[in-house]
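Engineer: To start, I am sharing the structure in question, which I have written as structure tokens.
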Amino acid sequence: MANTSIADPAPLGLAGFGLTTFMLSSANAGLWHGAGGGAAVATALFYGGLAQLLAGMWEFMRGNTFGATAFSSYGAFWLVVWYGITSKTFGPGSLAVFLLFYGIFTFVLWVAAIKHNIHLNLLFFALTVTFAFLTYGNWGGGHSGSVKIGGWTGLLTAVIALYIAGKTLINESWGREVLP
């Protein structure tokens, strides 16, 4: 049973994930001449990384193992992305390996999410597909078409995350189910 004596941190974690994913995915999809990539770098440190990591820690306090693991892990993901980009640590091969293993981890979370609800199921399925395209797109000499597809599936992933954040906030604020 979840400890509900503290506020639900899920909307914060989902919003941090969704907005940061939207920015970077827009660059991968080729929108706005890649401007979303620059916007995503700072966002990856503070909102995608630190805010999500905090949401994960608060999920631990609530007794939600799934939420704690997911938010903490993707908070760390965005911190590594920030560091890898700003320090120029990632080469095409190392970025592909990083994405591959986060893709495998995301697949495990998707299997667990199937038991939770349809929205989390869709979120982690879309994210698994996104990681698959981005991994292939960054493997070897790079495959820009796959990165672009990964960008579009990443945009879908971001929209799902933002929907879940929004519905949780709206339903809690209204004290009833306004959005399914």
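Engineer: Within the stretch 96-103, can one find any residue that is assigned to a helix (DSSP H, G or I), without any contact (Cβ under 8 Å) to a residue 40 or more places away in the chain, crowded, with 18+ Cβ neighbours inside 10 Å and aliphatic (A, V, I, L, M)?
Structural biologist: Of all residues in the stretch 96-103, those assigned to a helix (DSSP H, G or I) come to 96-103.
With the extra rule that they be without any contact (Cβ under 8 Å) to a residue 40 or more places away in the chain, the set shrinks to 97-103.
Of the ones still in play, those that are also crowded, with 18+ Cβ neighbours inside 10 Å are 98-99, 102-103.
Then drop every residue that is not aliphatic (A, V, I, L, M), which leaves 99.
Within the stretch 96-103 (the criterion being assigned to a helix (DSSP H, G or I), without any contact (Cβ under 8 Å) to a residue 40 or more places away in the chain, crowded, with 18+ Cβ neighbours inside 10 Å and aliphatic (A, V, I, L, M)), the answer is yes, since at least one residue qualifies.
Engineer: List the number of the failed condition for residue 5; all other conditions in (1) in a helix (DSSP H, G or I); (2) surrounded by fewer than 24 Cβ atoms within 10 Å (Cβ to Cβ); (3) polar (S, T, N, Q) hold.
Structural biologist: That leaves (1) as the condition not met.
Engineer: All but one of (1) at pLDDT 95 or above; (2) within 15 Å of residue 161 (Cβ to Cβ) hold for residue 40; which doesn't?
Structural biologist: (1)
Engineer: Which pairs do you get when a residue that is farther than 21 Å from residue 31 by Cα, found in the stretch 156-168, comes within reach of a residue that is part of a helix (DSSP H, G or I), reach meaning Cβ atoms under 6 angstrom, with the pair 6+ apart or on two chains?
Structural biologist: Partner pairs satisfying both residue conditions: 164/14; 164/119; 165/11; 165/14; 165/15; 168/10; 168/11.
Engineer: Scanning the stretch 24-34 for residues that are in a helix (DSSP H, G or I) and either touching a Ser or Thr at 6+ places or on another chain (Cβ under 6 Å) or on the phi > 0 side of the Ramachandran plot (or both), which turns out surrounded by the fewest Cβ atoms within 10 Å (Cβ to Cβ)?
Structural biologist: Within the stretch 24-34, the match that is surrounded by the fewest Cβ atoms within 10 Å (Cβ to Cβ) is 33.
Engineer: Which number in (1) under 16 Å from residue 150 (Cβ atoms); (2) modelled with pLDDT under 95; (3) among the polar types (S, T, N, Q) marks the one condition that residue 26 misses?
Structural biologist: In the conditions (1) under 16 Å from residue 150 (Cβ atoms); (2) modelled with pLDDT under 95; (3) among the polar types (S, T, N, Q), residue 26 misses (2) alone.
Engineer: So how many residues does the stretch 106-141 have that are hydroxyl-bearing (Ser, Thr, Tyr) and within 14 Å of the chain's Cα centre (by Cα)?
Structural biologist: Keep residues of the stretch 106-141 that are hydroxyl-bearing (Ser, Thr, Tyr), which gives 106, 128, 130, 135-136.
Pick out the ones that are also within 14 Å of the chain's Cα centre (by Cα) and you get 106, 128, 130.
Of the residues in the stretch 106-141, 3 are hydroxyl-bearing (Ser, Thr, Tyr) and within 14 Å of the chain's Cα centre (by Cα).
Engineer: What do you reckon, is residue 139 buried (at least 17 other Cβ atoms within 10 Å of the Cβ) and either part of a helix (DSSP H, G or I) or of a type in the set (A, V, I, L, M) (or both)? Break it down stepwise before answering.
Structural biologist: Working: buried (at least 17 other Cβ atoms within 10 Å of the Cβ): yes; either part of a helix (DSSP H, G or I) or of a type in the set (A, V, I, L, M) (or both): no.
Spelling it out, it is not the case that residue 139 is buried (at least 17 other Cβ atoms within 10 Å of the Cβ) and either part of a helix (DSSP H, G or I) or of a type in the set (A, V, I, L, M) (or both).
Engineer: Just to be sure, is residue 69 under 16 Å from residue 155 (Cα atoms) and of a type in the set (Ser, Thr, Tyr)?
Structural biologist: no
Engineer: Related question: Looking at the structure I just gave you, is residue 71 buried (at least 20 other Cβ atoms within 10 Å of the Cβ), among the aromatic types (Phe, Trp, Tyr), touching an Asp or Glu at 6+ places or on another chain (Cβ under 7 Å) and part of a helix (DSSP H, G or I)?
Structural biologist: Answer is yes for this residue.
The values are calculated or read from the model by the stated rules, or taken from the named source; none is laboratory data. The model shown is predicted, which means the values in this text are computed figures rather than measured ones. Note that we place each Cβ from the backbone using ideal geometry, even for glycine, and neighbour counts take in every protein chain shown.
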